[in-house]
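Accompanying notes for the structure given below.
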Amino acid sequence: MVLSNKHKIFLFSNLLAVIVFTSACSTKINVRALEPAQVDKASLTKKITVASFKNDTVGLSGKIEANLANEFIDDKQYFTIVNRSDFDKVIKEQKIQNSGLIEVSTAVEVGSLIGAQAIISADVGQVTSADSYYYEKRTKCADKKCKEIIEYKVQCLNRTVGLSAELRMVDVSRGDIIFADTISKVSKHNHCSDDSRAIPSKEMASQSLASAIANSFTYKLTPHYRYFEVVLLENPDLDYTSEQEKLLEVSLEYIKQKRYDKAEVFLTDLIDSTNQKSYVPFYNLGVIKEVQGNYSDAQNFYKFADDLMLEPVEEICIAHVRIQDIIEKDKKTKQQLGR
């Protein structure tokens, strides 16, 4: 049967719709991977004290200290915090000038006396706040039956609040600076006269900004988990028998239920029944191993899938690159955790 151009276009459109629909409905599985701290040197100095910061009207030092004290990796505390009162006591007894940002020589002297491996200090900038006014249009009914619409304006306020802090972390034993940077945060808030929500005050906004700075600073110093989604392969790459299709279908259902042990059994059976010629079960097994943190096994399964590809498959190509990156970062993270 010869199809007309009109029928060909119709069939192609339907096929494209099916492909788009299938892609949009692809099963995804949540994965987490532990990544190393951006500041590698911080892993050498896990016994830390946080000095009293200069101009700290927002309690930034306390927020950073609390963040570091509550930083746990797999239920193990990453940092040990030396009581700040010990630091202040030594500063007072030794009559050392504390101007906010601790000098390297001072950090070495004080740190050795209180048993800290590193000292964090900062100079906190003044909170900035700027308000500007503008108008927004509104409409309302002129009468109960709303036969006529009235347009009117309401006054609105735009508030921009900013905060910055110059932070420094000094290694006591080495006598050098581990980290030094200025972290700035800005928040914008809008409020109109007919809005029931209150606009945050300068003080309230500055507290949120201080928390954001503390979070950014802590994030740089500590290993952390990255969360992302990985797509499973759901369609056969070969002419599967009905039994093989059932094996794939059941394995996917078990993966969705996080019954990875059962899913592995069915995927292994699928590999055997296809004489190890189908990349789909190899890839999905790689995903399971990646979820479980068995990165070496995941890499091997992804390699098997990659070797079986006749044409590039996006999911497999992405997995091949991703797992290598994860393995490298995992190795570095374990070095940081073991120090």
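From the set of residues in the range 248-298 that are over 14 Å from L232 (Cβ atoms) and aliphatic (A, V, I, L, M), which is surrounded by the fewest Cβ atoms within 10 Å (Cβ to Cβ)? That would be V265. Report yes if some residue within the range 52-69 is within 13 Å of V110 (Cα to Cα) and in a loop (DSSP other than H, G, I, E, B); otherwise report no. Within the range 52-69, not a single residue is within 13 Å of V110 (Cα to Cα) and in a loop (DSSP other than H, G, I, E, B). Residues of the range 149-174 that are among the charged types (D, E, K, R), farther than 15 Å from Y133 by Cα and out of contact with any Gly (no Cβ under 8 Å at 6 or more places or on another chain): E151, R168, D171, R174.
Only one entry of S173, S164 meets the criterion of being among the small types (G, A, S) and assigned to a loop (DSSP other than H, G, I, E, B), and that entry is S173. Quick one: is L167 closer than 22 Å to A212 by Cα, in the same structural domain as A205 (by TED's automatic domain parsing), modelled with pLDDT under 95 and not small (G, A, S)? Criteria not met by L167. Do we find a residue being in contact (Cβ under 8 Å) with a residue 60 or more places away in the chain and either in contact with a Leu (Cβ under 7 Å, 6 or more places away or on another chain) or part of a helix (DSSP H, G or I) (or both) anywhere in the range 90-102? No: the range 90-102 contains no residue that is in contact (Cβ under 8 Å) with a residue 60 or more places away in the chain and either in contact with a Leu (Cβ under 7 Å, 6 or more places away or on another chain) or part of a helix (DSSP H, G or I) (or both). Tell me whether the range 104-119 contains one or more residues that are touching a Leu at 6+ places or on another chain (Cβ under 9 Å), assigned by TED's automatic domain parsing to the domain that holds E203 and not in a loop (DSSP other than H, G, I, E, B). Yes, the conditions are met somewhere in the range 104-119.
Scanning the range 215-238 for residues that are out of contact with any Asp or Glu (no Cβ under 6 Å at 6 or more places or on another chain), farther than 30 Å from E65 by Cβ and part of a strand (DSSP E or B) turns up F228, E229, V230. P236 passes every criterion in (1) in contact with a helix residue (DSSP H, G or I) (Cβ under 7 Å, 6 or more places away or on another chain); (2) in the same structural domain as A130 (by TED's automatic domain parsing) apart from (2). Note on the range 204-240: residues that are free of Cβ contacts under 8 Å to residues at least 60 places away in the same chain and under 25 Å from I120 (Cβ atoms) total 3.
Suppose the filter is at pLDDT 95 or above, touching a strand residue (DSSP E or B) at 6+ places or on another chain (Cβ under 7 Å) and not acidic (D, E); does S251 pass it? No: the conditions fail for S251.
Do we have A37 as assigned to a strand (DSSP E or B), at pLDDT 90 or above and closer than 21 Å to S216 by Cα here? Considered against the rule, which asks whether it is assigned to a strand (DSSP E or B), at pLDDT 90 or above and closer than 21 Å to S216 by Cα, A37 comes out as no.
Based on this model, can you work out whether A122 counts as of a type outside the set (D, E, K, R), at pLDDT 85 or above, farther than 27 Å from G338 by Cα and under 30 Å from the mean Cα position of the chain (by Cα)? Yes: the conditions hold for A122.
Among the residues of the range 100-111, at least one is at pLDDT below 90, hydroxyl-bearing (S, T, Y) and either within 21 Å of F179 (Cβ to Cβ) or surrounded by 12 or more Cβ atoms within 10 Å (Cβ to Cβ) (or both).
Evaluated against (1) surrounded by 13 or more Cβ atoms within 10 Å (Cβ to Cβ); (2) over 30 Å from V82 (Cβ atoms), R168 falls short on exactly one condition, (2). Kindly check whether there is at least one residue in the range 270-289 that is over 24 Å from E314 (Cβ atoms) and either among the aliphatic types (A, V, I, L, M) or touching a residue at least 60 places away in the same chain (Cβ under 8 Å) (or both). Checked the range 270-289: no residue is over 24 Å from E314 (Cβ atoms) and either among the aliphatic types (A, V, I, L, M) or touching a residue at least 60 places away in the same chain (Cβ under 8 Å) (or both).
The values are calculated or read from the model by the stated rules, or taken from the named source; none is laboratory data. All figures in this text were calculated on a predicted structure; none of them were measured in a lab. For neighbour counting, all protein chains shown are included, and Cβ atoms are generated from backbone atoms with ideal geometry for every residue, glycine included.
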